[in-house]
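Below: the structure, in structure tokens.
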Protein chains: 2
Amino acid sequence: MRLRNWLFQNFREVSQLYGFEEIDFPVLESEALFIRKAGEEIRDQLYCFEDRGNRRVALRPELTPSLARLVIQKGKSVSLPLKWFAIGQCWRYERMTRGRRREHYQWNMDIIGVPNVTAEAELISSIITFFKRIGITSSDVGFKVSSRKVLQEVLKRYSVPENLFGRVCVIIDKLEKIPIDDIKKELRSAELSEEAVEELLQILSVKSLDKLEEKLGASVEALTELKQLFSLAEKYGYSEWIQFDASIVRGLAYYTGIVFEGFDREGKLRAICGGGRYDRLLSTFGGDDLPACGFGFGDAVIIELLKERGLVPELSPQVENIVCSLDSDLQGGASLVAARLREKGKTVDLVLENKPLKWVFKRAARINAQRLIIVGSAEWQKGMVRVKILSSGEQYEIKVDELE
Amino acid sequence: MRLRNWLFQNFREVSQLYGFEEIDFPVLESEALFIRKAGEEIRDQLYCFEDRGNRRVALRPELTPSLARLVIQKGKSVSLPLKWFAIGQCWRYERMTRGRRREHYQWNMDIIGVPNVTAEAELISSIITFFKRIGITSSDVGFKVSSRKVLQEVLKRYSVPENLFGRVCVIIDKLEKIPIDDIKKELRSAELSEEAVEELLQILSVKSLDKLEEKLGASVEALTELKQLFSLAEKYGYSEWIQFDASIVRGLAYYTGIVFEGFDREGKLRAICGGGRYDRLLSTFGGDDLPACGFGFGDAVIIELLKERGLVPELSPQVENIVCSLDSDLQGGASLVAARLREKGKTVDLVLENKPLKWVFKRAARINAQRLIIVGSAEWQKGMVRVKILSSGEQYEIKVDELE
């Protein structure tokens with residue numbers, strides 16, 4: 001829990017540095033909110049139930065659909081752009097593996113109302129700020145960046161119907177997870193011609209913008225946006241963190257533009273985080289579309305990475321004072337002393353039973369107390385207590401009223 | 001969300017003042033963990049399902065059973081006493097009313113391993129510290145305190161079997177919620193004699209310890225403990241907050257000793273918080289019993305009370321700086337400036353599109369920015385930006401490197 005609080009505190013502080021406001025959503029949602037027909041993994045692993053009123057409900061697998069609904073609900077009452085973050089628990093129903101639990105937390109940052117790639121650049125910058133704060137460098141972690149508009153361009157050239165786009169992206173996201181022949185088979189069953197499949201797989205292997213320009217020409221939107229993103233990255237000062245990689249498409253059906261993924265350079269772990277632009281999500285829930293982008297950052301893989309790198313911080317319990325009485329008649333005195341210190345904002349562990357001093361010292365060590373305050377009858381009669389500074393062993397008597 | 005964070009931050013800081021460590025548990029638990037046979041409301045309102053693997057599961061209605069399980073699991077690896085707090089989401093399946101939602105949060109503090117009422121006194125003290133911090137006084141709120149040992153004493157005198165104790169308590173908790181005749185009927189169906197029922201109801205109307213002593217005699221444990229609690233309250237300095245009231249039994253089956261309840265003195269709202277001693281809970285989960293007590297404090301009724309009293313704090317968004325560029329070519333410059341400020345720990349809202357200054361000023365006002373930093377081409381060529389202090393209107397140019 002100390003580690004979780006430390007991690008979340010870093011998520012929160014970074015989000016605030018970027019001027020984002022915190023939001024949250026219900027944990028239990030109507031199942032319909034998450035049902036899309038693109039064959040996504042997230043849909044297959046939905047943790048869903050029927051409730052006592054025979055409603056189909058689900059523990060949220062992600063936060064973005066709830067966010068979309070909230071944006072629609074707020075309508076014109078909010079001023080754009082919205083910059084919102086959330087740290088929310090999410091669930092998936094699947095076998096548990098390393099860095100993948102049924103229950104996990106996700107840090108999300110979203111920008112609603114900005115069509116420019118300045119938004120994506122800002123989001124990637126915030127994740128990098130987070131990495132730097134916790135001691136992760138660009139030699140540990142990188143970002144692969146692409147745009148779904150690359151695929152869209154190819155599909156357009158082969159006259160593939162637009163409504164197949166999400167499904168094709170979800171299939172392609174399985175590259176390196178399932179055999180290439182299965183990918184091809186799935187693509188063909190999505191009505192792609194043999195030729196289109198080959199061209200698609202060719203494009204996906206491209207790892208530089210120059211090469212991409214050779215293939216698609218300089219005028220396509222995908223290229224303009226990607227170039228702008230890399231140019232902004234230079235200004236922000238995070239060029240060495242990011243690289244173009246056409247094979248990145250992400251596994252969620254709703255992305256429409258830039259997509260990105262944080263990965264560990266040793267290649268041992270699953271994606272650390274991922275995000276992108278989803279300009280057409282709102283209309284799927286019956287709202288008017290707004291340009292939007294965001295990312296999700298889980299709490300599991302990053303902890304694995306910190307462990308790998310020996311970067312998990314030492315987080316010990318920490319209570320400034322431990323207060324005890326020397327006999328049970330003075331327990332009330334100890335309560336009084338504890339109350340005084342707490343009024344002054346000092347943290348106090350009050351010993352609630354009559355225990356030998358040896359026991360008290362052991363407990364003091366465990367909670368890393370700085371001071372031991374002893375209520376003994378001789379001092380108490382003078383309105384005083386005995387203070388022991390635990391680091392130095394220094395001892396003195398002090399009036400209760402003068403305790404700080 | 002700002003209000004919730006403010007509330008939770010106060011829960012957290014008070015818990016830390018008292019030397020408690022934060023814990024959390026799964027939201028989705030095995031249903032069996034919450035099934036007890038005492039007819040509690042909490043059991044009737046369980047938000048339960050069958051999962052995809054045909055397991056009976058429930059969204060937790062409370063945190064204490066999970067805590068009990070964790071204590072058993074930890075066994076001898078932890079040193080007693082444990083002082084743990086949690087701020088956890090809980091669910092109930094029932095009709096929604098004022099201050100009662102299906103989904104809510106509960107602040108819990110628990111002390112495991114202390115048999116003395118010093119533990120209960122410490123818990124009540126922490127709640128009062130919380131009230132004071134948020135501006136609630138003893139004329140707004142009080143605590144009714146009793147002990148289940150009072151009832152136990154009466155039941156013993158009428159030879160009522162011990163295994164009926166939990167059930168009787170749950171029935172009595174409905175006093176003032178359902179008609180007295182229904183209470184009597186339910187008690188009789190729990191095998192209590194007419195005489196025992198009358199004596200029980202008599203005792204429940206007692207509102208002073210002197211009167212209780214008259215009825216039960218001075219030697220009963222309930223009385224000794226209650227007297228000690230009131231004496232400790234004096235030392236802590238919270239006597240005016242608490243009063244004895246035998247009708248308080250609380251609605252959870254597992255309490256065994258002192259029970260208490262925070263209430264608003266105007267009597268408009270449901271109980272604000274409640275807790276007590278549960279020395280025999282661990283054995284019901286197959287562990288060895290340990291003395292334990294704790295409380296639950298919901299996030300709904302307290303907000304109602306704060307609204308009633310006009311004590312809900314003004315919590316506005318707050319971002320120190322807003323940074324914008326005067327034309328889209330300089331967007332990268334604005335990103336650079338934002339990155340510099342954030343490196344120095346300053347919060348920055350970066351304007352991500354090319355917007356007129358009028359728009360920027362409106363946004364600055366909405367987020368309560370202190371400074372507006374403008375990246376314009378004349379200054380930028382000199383490596384400078386224009387700064388405007390928004391409270392005073394003061395303006396100056398400054399080198400980007402000198403920005404703090």
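The values are calculated or read from the model by the stated rules, or taken from the named source; none is laboratory data. Since this is a predicted model, take the numbers as computed values, not measurements. Using ideal geometry, Cβ is built from the backbone for each residue, glycine included, and neighbour counts are taken over all protein chains shown. Quick note on the areas: whole protein, heavy atoms, side chains included, nothing else; ligands and nucleic acids left out. Shrake-Rupley method; radii C 1.70, N 1.55, O 1.52, S 1.80 Å.
Taking beta carbons within 10 Å but only from partner chains, what does the mean come to for residues A:346-353?
Working: counts 1, 7, 4, 5, 8, 3, 13, 9.
Rounded to a whole number, the mean comes out at 6.
For the range B:171-229, how big is the tail of P(r) above 17 Å, as a whole percent of Cα pairs? Intermediate results must be reported in sequence, preceding the final value.
Values: 805 of 1711 pairs.
The calculated P(r) of the range B:171-229 puts 47 percent of pairs beyond 17 Å.
For the pair residue A:189/residue B:97, report the inter-label distance in nm, with labels modelled 7 Å from Cα in the Cβ direction.
5.4 nm
Would you kindly work out the equivalent ellipsoid of the range B:270-373 from its C-alpha gyration tensor and give its semi-axes, the square roots of five times the eigenvalues, largest first in whole Å?
Details: eigenvalues 539, 86, 20 Å².
They are 52, 21, 10 Å, listed from largest to smallest.
For the B and A pair, go ahead and give the buried accessible area with a 1.4 Å probe, both sides summed, in Å² to 100.
On the way: alone 19650 and 19650 Å², together 33910 Å².
In total, this chain pair buries about 5400 Å².
Taking a cut-off of 27 Å, what percent of all Cα-Cα pairs in the range A:109-245 are separated by more than that? Spell out each step's value before the answer.
Details: 2731 of 9316 pairs.
The share of Cα pairs beyond 27 Å in the range A:109-245 comes to 29 percent.
May I ask you to report, in nm to one decimal and beginning with the shortest, the distances from residue B:343 to the same position in the other copies, taking label points 7 Å along Cα-to-Cβ?
Nearest first, the other copies' label points are 4.8 nm away.
Averaged across A:331-338, how many Cβ atoms of other chains sit within 10 Å of each residue's Cβ atom? Numbers along the way, then the final one.
Details: counts 8, 9, 1, 3, 11, 5, 1, 7.
The mean count of partner-chain Cβ atoms within 10 Å per residue comes to 6.
Note down the nm distance, to one decimal, between modelled labels 7 Å out along Cα→Cβ at residue A:3 and at residue A:362.
2.7 nm
Rounded to the nearest 5, what is the percent of antiparallel bridges among the DSSP beta bridges in the protein assembly as shown?
Working: 100 of 128 bridges.
Approximately 80 percent, going by the DSSP bridge assignments.
I need the phi-derived Karplus couplings for the range A:241-258: 6.51 cos²θ - 1.76 cosθ + 1.60, θ = phi - 60°, integer Hz, Gly and Pro marked x.
8, 10, 8, 7, 8, 5, 6, 7, 10, 6, x, 9, 5, 7, 5, 10, x, 3
Hey, can you grab everything whose amide H is under 5 Å from the amide H of residue B:258? Only 5+ residues off in sequence or another chain; H modelled, so Pro and N-termini drop out.
B:148, B:277
Between residue A:181 and residue A:158, what is 0.36 nm times their sequence separation minus the Cα-Cα distance? Round to one decimal in nm.
Values: separation 23, 0.36 × 23 = 8.28 nm, distance 2.04 nm.
6.2 nm is the gain from fully extending residue A:181 to residue A:158.
Using heavy-atom solvent-accessible surface (probe 1.4 Å) with all chains present, what is the largest-first order of A:288, B:327, A:181, B:299? It would help to have the intermediate numbers written out before the result.
Details: A:288 130, B:327 55, A:181 100, B:299 15 Å².
Largest accessible area first, the list is A:288, A:181, B:327, B:299.
Over all distinct alpha-carbon pairs, what is the Kirkwood Rh of the protein assembly as shown in angstrom?
Details: mean 1/r = 0.0334 Å⁻¹.
Every distinct Cα pair counted, the radius reaches 30.0 Å.
Given H placed 1.01 Å from N in the peptide plane, which residues other than close sequence neighbours of residue A:369 have an amide H under 5 Å from its amide H?
Placed amide hydrogens put A:319 under 5 Å from residue A:369.
Let me know the shape class of the range B:177-286, please: from the alpha-carbon gyration tensor, a ≥ b ≥ c as square roots of the eigenvalues, rounded when a/c is under 1.5, otherwise prolate if a/b is greater than b/c, or oblate. Mind showing how you got there, number by number?
Values: a/c = 1.34, a/b = 1.32, b/c = 1.02.
Since a/c stays below 1.5, the shape of the range B:177-286 is classed as rounded.
Along the axis that rotates chain A into chain B, which residue of chain A has the nearest beta-carbon, and what is the gap in whole Å?
It is A:49, 2, counting Cβ atoms only.
Distance from a point 7 Å along Cα→Cβ of residue B:309 to each backbone N in the range B:241-269: keep the residues under 12 Å and list them by number.
From the range B:241-269, the list is B:263-266.
Per residue, what accessible area does the protein assembly as shown have, given a 1.4 Å probe and all protein chains present, in Å²? Spell out each step's value before the answer.
Details: 33910 Å² over 808 residues.
Using a 1.4 Å probe on heavy atoms only, each residue of the protein assembly as shown averages 42 Å².
Who wins for biggest fluctuation among A:378, A:38, A:364 in a Gaussian network model of chain A, springs between alpha carbons below 10 Å?
Ranking A:378, A:38, A:364 by mean-square fluctuation puts A:378 first.
Nothing charged except the Cβ atoms of Lys and Arg (+1) and of Asp and Glu (-1): what's the magnitude of the dipole of the range A:1-135 about its Cα centre? Round to the nearest 20 debye.
Details: 22 positive and 17 negative charges, 66 e Å.
The calculated dipole for the range A:1-135 is roughly 320 debye.
Roughly how crowded by other chains is peptide B:386-392, in terms of the mean Cβ count from those chains within 10 Å of each of its Cβ atoms?
Working: counts 0, 0, 0, 0, 0, 0, 0.
Across the residues of B:386-392, the mean count of other-chain Cβ atoms within 10 Å is 0.
Name the most mobile residue of B:74, B:132, B:307, meaning the one with the largest mean-square fluctuation, in a Gaussian network model of chain B with Cα contacts below 10 Å.
Result for chain B, Cα springs under 10 Å: B:74 fluctuates most.
Taking residue B:402 in one copy and the same position in all the others, each labelled 7 Å out along Cα→Cβ, what are the pairwise distances from the first, in nm, shortest first?
4.9
Given a Förster radius of 30 Å and the C-beta distance between residue A:211 and residue A:285 as r, what FRET efficiency does 1/(1 + (r/R0)^6) yield to the nearest 0.05?
Working: r = 38 Å, r/R0 = 1.26.
Taking R0 as 30 Å, the efficiency between residue A:211 and residue A:285 is 0.20.
By its C-alpha gyration tensor, with a ≥ b ≥ c as the square roots of the eigenvalues, how is the range B:229-290 shaped: rounded for a/c under 1.5, else prolate for a/b larger than b/c, else oblate?
Details: a/c = 3.07, a/b = 1.57, b/c = 1.95.
Verdict is oblate for the range B:229-290.
What would the Debye equation give as log₁₀ I(q)/I(0) for chain A at q = 0.08, 0.09, 0.14 Å⁻¹, counting only Cα atoms as equal point scatterers?
Listed by q, the Debye log ratios stand at -0.56, -0.66, -1.19.
With a 1.4 Å probe and all protein chains left in place, how much of the accessible area of the range B:139-252 comes from carbon and sulfur atoms, in whole percent? Numbers along the way, then the final one.
Working: 2430 of 5380 Å².
Here it works out to 45 percent.
For a quick check, take a GNM of chain B with Cα springs below 10 Å and name the residue from B:292, B:338, B:58 with the largest mean-square fluctuation.
Between B:292, B:338, B:58, it is B:338 that shows the largest mean-square fluctuation.
Suppose every K and R has +1 on its Cβ and every D and E has -1 on its Cβ; what is the size of the dipole of the protein assembly as shown about the Cα centre, in Debye to the nearest 20?
Working: 120 positive and 120 negative charges, 2 e Å.
Taking the Cα centre of the protein assembly as shown as origin, the dipole is about 20 debye.
Taking the Cα-to-Cβ direction at residue B:51 and at residue A:396 and moving 7 Å from each Cα, how far apart do the two end points lie in nm?
5.8 nm
Considering amide H positions built from the backbone, and no H for Pro or chain starts, which residues 5 or more places from residue B:292, or on another chain, come under 5 Å of its amide H?
For residue B:292, the qualifying residues are B:113, B:278, B:279.
What whole-number distance in Å separates the alpha-carbon centres of the range A:201-221 and the range B:35-83?
Each part reduced to its Cα centre gives a spacing of 55 Å.
Using the beta-carbon distance between residue A:37 and residue B:37 and R0 = 35 Å, what value does 1/(1 + (r/R0)^6) give for FRET efficiency, to the nearest 0.05?
Once rounded, the FRET efficiency stands at 0.15.
Could you go through the range A:391-399 in sequence order and give the Karplus-derived ³J(HN,Hα) for each residue, using 6.51 cos²θ - 1.76 cosθ + 1.60 with θ = phi - 60°, rounded to whole Hz, and x for Gly and Pro?
6, 9, x, 4, 10, 7, 9, 8, 5
From the label point of residue A:313, set 7 Å along Cα to the beta carbon, how far off in nm is each other copy's matching point, shortest first?
2.3
Between residue A:132 and residue A:219, what FRET efficiency comes out of the Förster formula 1/(1 + (r/R0)^6) with R0 = 35 Å and r the beta carbon distance, rounded to 0.05?
Numbers: r = 37 Å, r/R0 = 1.04.
Result of the calculation: an efficiency of 0.45.
What Rg and what Dmax come out for the range B:322-404 when only alpha-carbon atoms are used, in angstroms?
11.5, 31
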